[in-house]
Amino acid sequence: MAKKVAERALNLDNILFNCRDILRNARNSGSFFEKRDMMLTLIFLRLMGEKYEDGVIRLRQQLKEDGLDPDDENIKAAFFDDATFPDGTYNLPPEARWGAIINTPAPRLNTVLDTALQRIAATSEQLKGCFIEGTFTTRNLGANDIKKLVDEVNKISHKAFGEEKDLIGRVYEYFLKEFAVNATKEEGEFYTPHDVVQLIATMIEPFDGTLYDPACGSAGMFIQSAALVEARQGDTNRINIYGQEKDAATYRLAKMNLALRGLSHNLGGTNDSTFTHDLHKGLYFDYIMTNPPFNLKGWYDANLANDPRWADYKTPPESNANYAWILHILSHLKKTTGVAGFLLANGALNDSDTLEIRRKLILNDKVEAIIVLPRELFITTDISVTLWILDQNKKGGLYHGRRLRKREHEILFVDLRTWTENAVKGENKKKVRLDTQQIEKAADIYHTWQKEGTDGKNYEVPELYRSVGIDEIEANGWALTPSKYIRFIDHDLEIDYDKEMGRIRTEMKELLKREKESQAMLEEAFRGIGYGIE
């Protein structure tokens with residue numbers, strides 16, 4: 001019994017459920033967004049404090065191995081007073097350390113928490129603007145409520161739930177799911193599941209150079225990409241992160257998340273619209289990964305009519321931003337080597353009002369692969385989603401140690417809609433995930449298609465993938481819907497009808513024979529007791 005109780009206490013969803021209930025029942029807890037900001041800020045302080053404590057332990061150990069005394073005052077001044085430790089750990093001011101916060105008497109907690117935020121912002125350029133001034137004192141939760149909340153958050157730890165996990169992102173996802181009942185698909189309140197990010201990263205391999213996300217949300221794309229690099233013994237210092245986010249609260253969250261991971265970044269000086277105020281204008285990137293808001297309305301501004309991002313194509317329709325995202329992404333890719341992987345709603349594959357843009361993208365050989373994903377991957381939307389890959393170099397050559405063939409005027413279509421066997425338990429709606437084996441298989445389909453020696457004209461597995469030439473795509477009206485190109489087998493044609501009908505006739509004869517025998521036995525039984533059967 002004790003073991004079960006301990007396991008329950010270390011379940012992240014249980015902890016977050018408790019926090020949600022504390023905030024729902026507390027006076028002055030504010031709107032959904034204020035609840036979310038308080039929770040995310042608390043968890044940031046908790047995890048940042050844990051990172052600091054671990055950093056101190058590592059630094060002390062390293063100094064001892066180097067023959068230095070970590071308790072010597074001169075050594076302390078030389079190594080422990082820096083803004084960051086050699087391993088990139090932030091040196092938190094004493095007032096901002098979790099050990100000080102957790103031991104604060106309940107009546108003083110709101111003040112102490114806001115003081116911690118002020119001190120962090122004052123000592124770190126990266127974290128300026130991450131926090132709302134007076135987050136806790138403005139709401140001024142009751143002493144008992146804030147104490148219960150801090151005690152629950154104290155249970156959240158990378159040691160308990162895994163260093164590789166995007167815990168802040170997972171909390172963000174939870175509170176979107178549980179609190180944001182009024183959020184619409186157009187508001188872009190999406191959290192990209194880890195497995196989807198891993199799929200994109202495994203395919204395009206953003207292991208060095210510049211990585212950009214024009215709708216970076218809580219920075220999940222960056223976090224998961226960095227985790228994948230680390231898992232492959234790569235160096236995250238070789239990745240330069242750039243991003244932009246429109247929503248102020250989510251922008252702050254992204255900065256917190258990246259700072260927590262020790263990942264240097266440039267998200268622009270503030271939150272802003274990628275379309276109306278491109279904060280990275282004129283920059284070109286090696287890789288772009290993004291999950292922009294699906295079917296976004298209200299994106300257009302009259303000043304965008306002659307924007308250079310779509311000068312070579314056509315102005316995207318005002319009613320939907322899908323192709324505005326595509327052309328924005330293309331405008332920021334390095335001209336001869338850039339690769340992008342991004343998600344869009346399936347409607348973008350064959351919208352009639354974007355036909356001319358899509359036709360020119362295909363003719364210009366920008367589209368490399370189209371992968372339709374299982375429908376139930378996202379918690380916060382039921383919309384059907386496609387992974388697009390754009391590639392500025394389909395001429396072949398060396399890429400991450402792989403020698404690629406010439407793939408001009410070919411597009412790979414993949415349909416993963418049937419990959420739904422991995423159900424996620426404990427969710428309010430049906431949800432599935434892609435496991436590591438499936439992700440590796442999907443990436444292998446793509447990488448094998450790219451490599452030298454593959455015959456693109458005959459590269460296919462019915463009902464799963466197929467390489468298609470531009471002539472066939474033109475014949476299909478420039479549609480990029482995979483089901484128009486991937487062969488689906490009519491399994492009824494595989495049936496041997498003569499054999500099947502013979503089996504059915506045999507079974508029917510046997511059934512009729514048994515019925516006659518049963519009838520005869522019944523008649524005999526009735527005669528034996530003096531009844532006749534007419």
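How would you classify the stretch 185-484 from its alpha-carbon gyration tensor, with a ≥ b ≥ c the square roots of the eigenvalues: rounded for a/c under 1.5, else prolate if a/b is greater than b/c, otherwise oblate? In terms of gyration-tensor shape, rounded. Each Lys and Arg adds +1 at its Cβ and each Asp and Glu adds -1 at its Cβ; summed about the Cα centre, the chain shows a dipole of about 560 debye. According to the square roots a ≥ b ≥ c of the eigenvalues of the Cα gyration tensor, what is the shape class of the chain, taking rounded for a/c under 1.5, prolate for a/b larger than b/c otherwise, and oblate for the remainder? Oblate, since a/c reaches 1.5 and b/c is not below a/b.
Computed on the chain, with alpha-carbon pairs under 8 angstrom and 6+ residues apart, the relative contact order is 10 percent. Residue-wise, which Karplus ³J(HN,Hα) couplings in Hz belong to the stretch 47-63, taking 6.51 cos²θ - 1.76 cosθ + 1.60, θ = phi - 60°, and x for glycine or proline? The phi angles translate into 6, 5, x, 5, 4, 4, 4, 5, x, 4, 4, 5, 5, 4, 5, 5, 5 Hz. Panel order for Leu199, Leu279, by other beta carbons found within 10 Å of each beta carbon, from fewest to most: Leu279, Leu199.
Footprinting exposure proxy ranking of His447, His409, His328, fewest other C-beta atoms within 10 angstrom first, gives His409, His447, His328. Over 30 Å between Cα atoms: which of Lys35/Lys76; Lys51/Lys335; Lys255/Lys394; Lys246/Lys425; Lys128/Lys314; Lys366/Lys441 fall into that group? Violating the 30 Å limit, Cα to Cα: Lys35/Lys76; Lys51/Lys335; Lys255/Lys394; Lys246/Lys425; Lys128/Lys314.
Annotation: the residues His277, His400, sorted from fewest to most other C-beta atoms within 10 Å of their own C-beta, follow the order His400, His277.
Rule-based calculations on the coordinates, nothing more; no lab input. Just so it is clear, the model here is predicted, and its values are computed rather than measured. Reconstructed Cβ throughout: ideal geometry from the backbone, glycine too, with neighbour counts over all protein chains shown.
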